[in-house]
1. What residues qualify as long-range amide H neighbours of Ile112, i.e. H under 5 Å apart, gap of 5 or more or another chain, H built at 1.01 Å from N?
2. Within the range 14-35, whose backbone N sits under 19 Å from a point 7 Å along Cα→Cβ of Tyr50?
3. Whole-Å semi-axes of the range 84-132's equivalent ellipsoid, largest first, each the root of 5 times a Cα gyration tensor eigenvalue?
4. Can you pull the one-decimal nm distance between simple spin-label points at Glu121 and Lys33, each 7 Å off the Cα toward Cβ?
5. For Leu126, which sequence-distant residues (separation of 5 or more, or a different chain) have an amide H within less than 5 Å of its own amide H, given hydrogens modelled in the peptide plane?
6. How many percent of Cα pairs in the range 7-56 exceed 12 Å?
7. Ranking Lys202, Lys110 by Cβ neighbours within 10 Å, fewest first, what do you get?
Amino acid sequence: MSNKINNPDFKCKLFLTLAIILFFAGIILFFIKTPLGVLFLLISGGLNLYLNKKNPEFIKSFVDNKKTMPEHGLKKFNIVHIQGVKFADYQQKLSCRIANKNISFFDSEKEILKIDFDKIENVMVLEEIEQTQKNKSVVARAIVGGLLLGGVGAIVGGISGATPTLQTNKKYFLEISISGADKIIITTDNNSIKEIKKAITK
């Protein structure tokens, strides 16, 4: 718990929440007990000035997040980064948020990339097929575009039948092609991948 309290972002969220509460309480009290209402508004303003001076990037990120929120809510997904998002490592856990016209990637609460839908050229679901032996050593691995379960599925099935000790595992990825930039590849659970693809291509 002490680590959470000492986290700068946690402190900023706490102060910002307090500033918002005091602001609205100050407006209400202004019409009931004016001096107390003015005091609350002054404290709220002081907290805002402190946050802007102490951590301006947090305030900017908070304002930008509010601006990107769509009218009917923001879709959020937890993902694992594979490639394409700058400042993110391979297999780093991120979150992505989908608004009406863009998709954003976040490391904790810090936005590290935003892409407008009109810059996205193609969205494809990839399937990784991995064959392992019972001792978990990898025999073969292949990534297939577009969830091709026809010919590939038949080949895998045939091998599995001939060699009972092999086990086939499947993992799904989402590949986002962007004009003038590297492809972004992420992975998460299958249902979330379908929802992200549907939200981007609707």
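1. Answer set, sorted by chain and number: Phe105, Phe106, Asp107.
2. Only 14-27 fall inside the zone, counting backbone N under 19 Å.
3. Working: eigenvalues 103, 59, 17 Å².
The equivalent ellipsoid of the range 84-132 has semi-axes of 23, 17, 9 Å.
4. 6.5 nm
5. Residues meeting the amide H criterion: Gly146, Phe173, Leu174, Glu175.
6. Working: 724 of 1225 pairs.
That fraction is 59 percent.
7. Working: Lys202 8, Lys110 12.
Ordered by Cβ neighbours within 10 Å, fewest first: Lys202, Lys110.
Each reported figure results from applying straightforward, stated rules to the coordinates on display, with no laboratory input. Nothing here was measured: the structure is a model prediction, and the numbers come from that model. Cβ coordinates were reconstructed from backbone atoms using ideal geometry, including for glycine residues, and neighbour counts include every protein chain displayed.
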